[in-house]
Every structure is written in structure tokens, then in C-alpha cells.
1. On full extension of the chain, what length is gained from Ala86 through Glu176, given 0.36 nm per residue of separation minus the C-alpha to C-alpha distance?
2. Hey, could you pull the Cα Rg and Dmax for the chain, both in Å?
3. Dipole size in debye (nearest 20) for the chain around its Cα centre, Lys and Arg Cβ +1, Asp and Glu Cβ -1?
4. Using just the Cα positions, wrap the stretch 124-251 in a convex hull and report its mean projected area in square nanometres, one decimal place.
5. Carbon-plus-sulfur fraction of the accessible area of the chain, 1.4 Å probe, in percent?
6. With springs only between Cα atoms under 10 Å, which of Ser85, Ser226, Ser72 fluctuates most in a Gaussian network model of the chain?
7. How much area per residue is accessible in the chain when the probe is 1.4 Å and only protein heavy atoms are counted (Å²)?
8. Structure shown: which of Lys38/Lys251; Lys42/Lys81; Lys43/Lys251; Lys44/Lys81; Lys38/Lys88; Lys130/Lys225 lie over 18 Å apart, alpha-carbon to alpha-carbon?
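The values are calculated or read from the model by the stated rules, or taken from the named source; none is laboratory data. These numbers come from a predicted model, not from an experiment. Here the Cβ is made from the backbone with ideal geometry for all residues, glycine too, and neighbour counts use every protein chain on show. The area values use the complete protein model at the heavy-atom level, side chains included, leaving out ligands, DNA and RNA. Shrake-Rupley method; radii C 1.70, N 1.55, O 1.52, S 1.80 Å.
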Amino acid sequence: MKKIMEKNYEKFASVYDAIMDDSLYDLWTDFSLRHLPKAKDKKKLLELACGTGIQSVRFAQAGFEVTGFDLSQEMLNIAEKRAASAKKHIAFQQGNMMDLSELGTFDFVTCYSDSLCYLQDEVEVGDTFKEVYAHLNEGGVFIFDVHSTHQTDEVFPGYSYHENADDFAMVWDTYEDEAPHSVVHELTFFLQDEDGRFTRYDEIHEERTYDMLTYDILLEQAGFKSFKVYADFEDKEPTETSKRWFFVCQK
């Protein structure tokens, strides 16, 4: 679940790319290309929580027919400009991933950057899995990543990150939340205005993950016939200290 204290999505969208590690998009792309079937007639890909469209453009450059889907129209506005600059035709649509009824069907669906961890509880995660299943063609593949329970329980609590630039500053602190395997990220931005003064923006991001068995049950309930789990962008099984789990699911 994501709560915005200062409701200026456009401001956050403008700095989102600045705080993201660009190298992660290479890793998501490489992982996807290793695990998506290479049949020439299967090219339609839906990217859930596409944000500002960096990953969508990567998929389009790899030859997929891409649809980007995100809750934030401000993010999508940036994504559309990015796709145009890259001279790639990508269909972007605003909406909630728990309701994909306005979309058609796809050969592949991805949901990266732990976006599923922003959903409020396992009911919402399960509903999203059912929506994805309903909009996958037979034999289609769904890939997503989430934080591991080790990440939320051991790594994140007490995390603090500060960044300073000429026209931008950020303070990011993370704390343990009440629900099992959940954390709260408190972000404060200082952005320089045209007159040279700085304006403060505050956000709270709440994330929650679940044990492996819970994801297993929710995927089975959604109808997925098989899935494999990998860790940390590599084709290896998760360990007790893996930070990010990748699920590759087939309809």
C-alpha cells in the first residue's frame, strides 16, 4: 500500500528516475529474456507497474509488443515522452493492477521492482494473480519479483540513505511495520524551485511481503499450473539470505 503525505505525484515522478539504480533495469531485462519463451508468434507483453517506462522501452527494444500499465498518470506521462524519444510505439494505460478488465490478453506479463509488495494484504495479491491469469494466453508466462522475508525482517529495519545534489536532496529511512514481514519507508525530498528556493516533499511508502508458501498457495488458487522461484536476478534457488525472490509462472 502506498500513502502519499504530500500529494504531488508529478514532483515524485520527476525525481523517481534519479533515485533508481539504472543497472537494475539491465538485470530485469536479462532475467526476462532468459525466462520468456522465444517463439516468434508470442510477443505481446504487459508490464504492470511500469512507472516512468524505462523497462517498457527496454522490452520494446528487445522486440516485444509492449503495453505499460501503472497507477500513476504522472508516471505514465513521463513514460510516453520516454517512448517517443526512443522512437518506440508503446501503449500506456492508467489503472489498478487488481482490475485489468480494460485490457486484452497477453503472452507475457511482468511486474518488477517489488511492486506487488505495495498491495495491502494477501487478498489483494491473490486478486492481482487472478487478474493476471485471466489476461494471459494459454501457456503464457508471468514473472514478478518481491522482497524476501529476510529483506523485510533483517535488512530493511534501520536502513538509512541520504543523497545531496545541487538541485536535489533526499533522506530515506526505513522502519519495521506492525504486520508480519512489512516495513515503512519514510522519504523526504528537497527540490529546487525556479526561483532557487527549495521546497520539501514528504512521502510514506508501506511494503509487505509473505513467506514462500503463501505465494505458492495464492498462485495455485489463481490457476497457475507451475512456477519456479529464483533469487537476486540469478538462476539459482533462494537461500536464507536472498534479498529478492523472482517467480516465473506458467498458465
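1. Full extension of this stretch gives 28.4 nm more.
2. Rg, Dmax (Cα atoms, Å): 18.0, 58.
3. 1400 debye
4. 10.3 nm²
5. Solvent-exposed carbon and sulfur of the chain make up 46 percent of the total.
6. Taking springs between Cα atoms under 10 Å, the residue moving most is Ser85.
7. Value returned for the chain: 50 Å² of accessible area per residue.
8. Those over the limit are Lys42/Lys81; Lys44/Lys81; Lys38/Lys88.
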